[in-house]
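One structure is given here, and the rest of the page talks about it.
Taken together, the values in this text are just the output of simple stated rules run on the coordinates, not laboratory data. No experiment lies behind these values; they were computed from the predicted model shown. Cβ coordinates were reconstructed from backbone atoms using ideal geometry, including for glycine residues, and neighbour counts include every protein chain displayed.
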Amino acid sequence: MAASDHANEALRVYPSRTADDGGWWCAAYGDLKAPQGWEFLPAGDAFVTQQVKRAGPHWVVVRARKGYTETLGILAPPSIIKAACSLAEETATRRKQARARSGERRLAQEQTYRKQFVEAVLRYLDFAPRHSALTREIADGAAQQATAVGSGRVGRTSKLTLEAKAELAARAYIRHNYTRYEERMAREGLFEVDSFVHHTIKEQAQEEVDQFLERHRRKRGPRASSERSKR
């Protein structure tokens with residue numbers, strides 16, 4: 001191939017809006033034609049796409065959308081695309097088995113973490129034995145909400161200790177389920193608004209959480225007041 005066809009460059013190209021023959025456009029060179037003989041591989045199979053990118057020359061085809069850029073596929077020599085597709089077929093069973101094993105490991109890790117989180121919440125609550133059912137409900141509920149994968153909630157952060165995350169999660173669960181926080185927020189219509197009134201309502205709820213904890217915890221003499229959660 002001639003050097004001028006840019007076949008040895010990794011380009012990010014868009015469908016051309018001006019070329020009459022349906023060519024391509026890139027920021028560096030303007031309107032282009034794909035190197036002779038190259039084929040288009042639509043996006044969809046991540047394994048095949050990855051193999052094509054690793055194997056040699058290719059252009060990534062994208063299209064501008066409102067607020068993001070969509071990847072449409074790849075332009076590459078047909079021999080590279082064919083080899084990638086063949087490898088995908090040859091390794092399909094092995095890759096499926098590997099994904100299953102990986103999924104089982106992730107599930108086991110999540111179950112272990114959820115158990116550790118529940119235990120940390122139980123330690124934080126330190127409720128009297130007669131409140132065992134309530135203790136378990138709060139611990140399980142707080143852990144379920146806080147550790148949901150992909151939720152972005154406190155249980156998924158790596159910036160806090162397990163004990164700190166458990167405290168925040170427990171207090172949030174109590175605030176939403178055992179104080180008048182939800183009722184006050186709904187009455188004021190403030191669930192989507194960060195305001196002084198919202199802050200005041202949350203402070204009231206935090207006091208109610210402190211009182212709730214004090215009523216249900218083991219009696220071991222004076223307890224230092226826990227630092228109020230900022231959540």
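Could you give the length gained on full extension between residue 145 and residue 71, defined as 0.36 nm per residue of separation minus the Cα-Cα distance, in nm?
23.2 nm
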Rounded to two decimals, the Rg over Rh value of the stretch 3-76 from Cα coordinates and the Kirkwood Rh reads 0.95
By count of other Cβ within 10 Å, fewest leading, how are 151, 158 ordered? 158, 151
Per-residue Cβ contact counts at 10 Å, fewest first, order 199, 6 as 199, 6
A correct fewest-to-most ranking of 181, 124 by other Cβ atoms within 10 Å would be 181, 124
Projecting each Cα onto the charge dipole of the chain (Lys/Arg +1, Asp/Glu -1 at the beta carbon, about the Cα centre), which of 15, 30, 212 comes out farthest on the positive side? 212
Net lengthening on full extension, residue 197/residue 18 (0.36 nm per residue, minus Cα-Cα): 58.9 nm
Charge tally for neighbours of residue 48 with beta carbon under 14 Å away, counting Lys, Arg as +1 and Asp, Glu as -1, is 0
Between residue 31 and residue 177, what length in nm is gained on full extension when 0.36 nm per residue of separation is reduced by their alpha carbon distance? 46.5 nm
At what distance in nm do the modelled label points of residue 46 and residue 87 sit from each other, each positioned 7 Å from its Cα along Cα→Cβ? 1.7 nm
On a straight-distance basis, which lysines could pair with residue 53 in a cross-link, Cα separation under 30 angstrom, same-chain partners fewer than 8 positions away excluded? 33, 66, 82, 96
If the label point sits 7 Å along Cα→Cβ of residue 99, residues of the stretch 28-47 with amide N under 20 Å come out as 42-47
Would you please report the Å³ per residue occupied by the convex hull of the alpha carbon atoms in the stretch 112-216? 105 Å³
Treating the chain as a set of equal point scatterers at the Cα positions, no solvent, please give the Debye-formula log₁₀ I(q)/I(0) at q = 0.07, 0.15, 0.18 Å⁻¹. -0.49, -0.97, -1.25
Contact order relative to length of the stretch 112-216, as percent, for alpha carbon pairs under 8 angstrom and 6 or more apart: 26 percent
